[in-house]
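Below you'll find the structure, written out as structure tokens, and then a few comments.
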Amino acid sequence: MDKFLIQGGNVLKGAVRISGAKNAALPLLAATILAETPITITNVPNLKDVNTLVKLISGLGVTISYDNHDVVKADTSTLSNQFAPYELVKTMRASILVLGPLLARYGEAKVSLPGGCAIGSRPVDQHLKALEALGAHIEVDAGYVHAKVDGRLKGGEVIFDMVTVGGTENILMAAVLAEGVTTIRNAAREPEITDLANMLVKMGAKISGIDTDTLIVTGVERLSGCEYAVVADRIETGSYLAAAAMTGGCVRTTHTDPVLLESVLEKFEEMGAEVTRGDDWIELDMQGKRPKAVSFRTLPHPEFPTDMQAQIMAVNTIARGFSTISETIFENRFMHVPELSRMGANIEVEGNDATVTGVEKLSAAPVMATDLRASFSLVLAALAAEGETLVDRIYHIDRGYEKIEEKLQGLGAQIKRVSE
Ligand code: UD1
């Protein structure tokens with residue numbers, strides 16, 4: 001199993017190119033199932049999760065090529081089944097995103113339930129309820145969702161009980177081919193949903209209310225292929241800016257968009273960092289200072305994203321002062337806390353609230369990555385710690401951060417991958 005060996009103490013400086021967003025690439029790949037003619041997606045990050053979905057779609061019989069650089073081409077004319085097996089779905093919850101498009105285009109789908117996950121139970125009840133509202137017959141049996149519809153799905157009213165990113169994406173991909181009008185209320189507004197909606201429109205879908213919490217979809221009979229570039233990864237952007245804040249450095253993230261992460265940039269400014277925004281870049285200069293602690297609560301977009309919680313908590317561990325962090329999206333998303341504590345952080349957790357009292361220095365210790373974003377928080381802690389930290393189980397990081405060690409080395413970090 002690969003590990004990272006990180007020597008702390010270097011001040012990170014320089015520019016880093018941000019990749020396409022994993023959380024946008026996955027629904028866009030699922031949406032290729034809807035296209036009757038070949039479709040090309042560019043700026044696709046080379047990540048384990050992307051490879052898993054490419055494998056799953058290829059298993060459906062779709063002719064799909066991924067050059068492992070950044071281009072995916074898919075041709076659905078060879079699709080031969082609508083079955084997504086447990087072996088692939090269990091490694092990645094987002095596999096459930098093929099359910100909506102398969103059902104909408106082929107009238108049937110059998111997709112394994114994603115099951116539990118380290119950061120909470122994460123059920124898919126909202127996805128299923130929404131598809132039923134469009135006329136799908138759904139049975140859950142032996143760990144599989146079996147969805148069927150006689151003829152086409154019928155447009156209807158969908159009201160989500162909670163804001164769900166995957167649920168909104170699944171129903172949006174189903175509604176674009178349904179007969180009539182679908183109204184999706186309490187829809188998630190994450191930039192990755194906007195990206196999906198924009199690609200669907202390019203394919204011929206009729207969607208209004210994009211970027212709002214009410215999406216109105218007028219179904220069409222068919223969608224065609226197109227060429228589309230994945231939006232920049234706002235979480236990767238924020239993570240590298242956090243590395244500058246953590247080490248007192250100055251990092252410019254390029255090929256990104258400040259509009260995607262305003263709530264996070266505001267927190268960096270509150271820390272005392274100088275944040276400069278360009279059209280497609282963001283620079284954070286900590287000017288050698290120790291950051292000031294910042295309190296926040298995670299909420300659906302455009303509020304502070306849960307996927308940046310662990311990284312900003314890491315910065316708070318070495319900040320001046322005291323902060324409180326409330327996690328309202330997922331239960332059990334503080335698994336990085338015991339690991340950060342092993343490095344000398346002072347954090348107390350009560351339910352979904354954490355209080356952090358900044359310390360002057362962290363110290364190296366062997367630590368273990370527990371989930372994707374939590375792992376980056378450990379890398380951040382290691383970059384600022386005294387001594388050499390070994391971060392174990394970095395397969396979590398490889399799911400979502402493209403070329404992480406190359407990118408960090410380019411900024412002056414001492415990080416190397418060791419395999420056993
Ligand atoms: C997506 C992101 C993930 C991010 C999360 C919240 C992808 C591939 N992943 O995950 O990185 O952390 O949004 O921004 O885009 N819920 C239910 N029933 C459902 C669906 C969700 O109870 O049917 C709950 C979940 O357990 C969770 C909350 O709703 O507590 C939000 O989940 P959701 O927005 O659906 O997250 P994902 O789409 O899985």
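The values are calculated or read from the model by the stated rules, or taken from the named source; none is laboratory data. Keep in mind it's a predicted model, so treat the numbers as computed, not measured. Note that each Cβ is placed from the backbone with ideal geometry, even for glycine, and that neighbours are counted across all protein chains shown. Calculation scope for accessible area: heavy atoms of the full protein, side chains included, ligands and nucleic acids excluded. Shrake-Rupley method; radii C 1.70, N 1.55, O 1.52, S 1.80 Å.
Oblate is the label for segment 151-208, because the ratio a/c of its alpha-carbon gyration tensor axes (a ≥ b ≥ c) is 1.5 or higher and a/b is not greater than b/c. Using the rule -39500 (n - 2.57) for each DSSP H run of four or more residues, divided by the residues of the chain, the 222 nm mean residue ellipticity is -8500 deg cm²/dmol.
How big is the Rg/Rh ratio for segment 1-133, C-alpha atoms only, Rh by Kirkwood, two decimals?
Working: Rg = 17.2 Å, Rh = 16.4 Å.
Ratio value, two decimals: 1.05.
Peptides 282-293, 366-377 ordered by packing proxy, namely the average of other Cβ atoms within 10 Å per residue, highest first: 366-377, 282-293.
With both partners inside the chain, how many of the DSSP beta bridges are antiparallel, as a percent to the nearest 5?
On the way: 55 of 76 bridges.
Taking every DSSP beta bridge within the chain, about 70 percent pair in antiparallel fashion.
Using only the Cα atoms of segment 272-404, build the gyration tensor, take square roots of its eigenvalues as a ≥ b ≥ c, and label the shape rounded, prolate or oblate: rounded if a/c is under 1.5, else prolate if a/b is larger than b/c, else oblate. Judged from the Cα gyration tensor, segment 272-404 comes out rounded (a/c under 1.5). By a 1.4 Å probe calculation restricted to protein chains, SER208 has an accessible surface near 60 Å², given to the nearest 10.
Relative to the longest principal axis of the Cα atoms of the chain, helix 22-31 runs at roughly 10 degrees. Centre-to-centre separation between the Cα atoms of segment 52-95 and those of segment 146-209: 21 Å. Packing, taken as the mean count of other beta carbons within 10 Å per residue, orders the peptides 72-83, 52-63, 160-171 from highest to lowest as 160-171, 52-63, 72-83.
For the chain, with all protein chains in place and a probe radius of 1.4 Å, 48% of the accessible heavy-atom surface sits on carbon or sulfur.
What's the ranking of 349-361, 35-47 by average number of surrounding C-beta atoms within 10 Å, highest first? Could you put the intermediate results ahead of the total?
On the way: 349-361: 14.9, 35-47: 19.7.
Output ranking for 349-361, 35-47: 35-47, 349-361.
Cross-link partners for LYS129 among the lysines, with Cα-Cα distance under 25 Å and sequence neighbours closer than 8 places in the same chain left out: LYS90, LYS110, LYS148, LYS154, LYS206. About the centre of its Cα atoms, the chain shows a dipole size close to 420 debye [charges on the beta carbon of Lys, Arg (+1) and Asp, Glu (-1) only; nearest 20 debye].
Pairs of Cα atoms nearer than 8 Å and 6+ residues apart set the relative contact order; for the chain it is 21 percent. Taking Cα atoms only, the orientation of helix 234-247 departs from the longest principal axis of the chain by about 0 degrees. What is segment 381-420 by shape, rounded, prolate or oblate, if you read a ≥ b ≥ c off the alpha carbon gyration tensor as root eigenvalues and call it rounded for a/c under 1.5, prolate for a/b larger than b/c, and oblate otherwise? Oblate is the answer for segment 381-420, as a/c is 1.5 or above yet b/c matches or exceeds a/b.
Determine which lysines satisfy two conditions relative to LYS361: a Cα distance under 25 Å, and not lying fewer than 8 residues away in the same chain. Of all the lysines, those that pass the test against LYS361 - Cα under 25 Å, at least 8 places apart if same chain - are LYS3, LYS13, LYS267, LYS289, LYS292, LYS407, LYS416.
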